[in-house]
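J.: Below you'll find the structure I mean.
A short reminder: the numbers here are calculations on the coordinates, not readings from a lab. These figures come from a predicted structure and were not determined experimentally. Counting neighbours? That spans all protein chains shown, and the Cβs are built from the backbone with ideal geometry, glycine included.
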Amino acid sequence: MECEIISRAGQVLAKGKLVLKQEEDRTRLNLETRGGKLIEGGFVGEDGDLEVASEVLFENCFATWRMTGLTLRVTIKSP
């Protein structure tokens, strides 16, 4: 899935994609930017819930850009 991180002012800070990475017996939600930056999210819940994984991802986005009020826009392209 293609995505963009957008500031509160509407500026696109990064473009990239959300990826799921298998780590031992757990799956982590990450953001890989087109600029080559990897921002780690949390682990996906046993039931597939993304709440904790996305909260950790946004905490790490804040640590990266030092901004609050960021928006993640996801674009799903049909084949």
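J.: Can you work out ³J(HN,Hα) from phi for every residue in the stretch 27-34, in order, using Karplus 6.51 cos²θ - 1.76 cosθ + 1.60 and θ = phi - 60°, giving whole Hz and x for Gly and Pro?
T.: So the J values, rounded to whole Hz, are 10, 10, 8, 10, 10, 10, 7, 5.
J.: Determine the gain in length on full extension of the stretch Arg73-Gln22; use 0.36 nm per residue of separation and subtract their C-alpha separation, reporting nm with one decimal.
T.: Details: separation 51, 0.36 × 51 = 18.36 nm, distance 2.36 nm.
16.0 nm is the gain from fully extending Arg73 to Gln22.
J.: Right, here's the next one. Under a cut-off of 22 Å between alpha-carbon atoms, report the lysines in cross-link reach of Lys77, not counting same-chain residues fewer than 8 places apart.
T.: Lys15, Lys17, Lys21
J.: Treating the beta-carbon of each Lys and Arg as +1 and of each Asp and Glu as -1, no other charges, what is the dipole magnitude of the chain about its Cα centre, to the nearest 20 debye? All intermediate terms of the calculation are to be shown ahead of the outcome.
T.: On the way: 11 positive and 13 negative charges, 139 e Å.
Rounded to the nearest 20 debye, it is 660 debye.
J.: Shifting gears a bit: Hey, of (i) 41, 30, 24; (ii) 38, 29, 19; (iii) 38, 33, 22, which did the structure itself give for Cα extents along the principal axes in Å when calculated?
T.: Working out Cα extents along the principal axes in Å from the coordinates points to (iii).
J.: Let me ask something additional. Ile6 label point, 7 Å along Cα→Cβ, cut-off 11 Å on backbone N: hits in the stretch 30-72?
T.: The answer is 71-72, whose backbone nitrogens lie closer than 11 Å to the label point.
J.: Which cross-chain or sequence-distant (5 or more) residues have an amide H under 5 Å from the amide H of Val44, H modelled 1.01 Å from N in plane?
T.: Thr27, Arg28, Leu29
J.: Quick one: angle between helix 51-65 and the longest Cα principal axis of the chain, in degrees between 0 and 90, rounded to 10, please.
T.: The helix 51-65 is inclined about 40 degrees to the chain.
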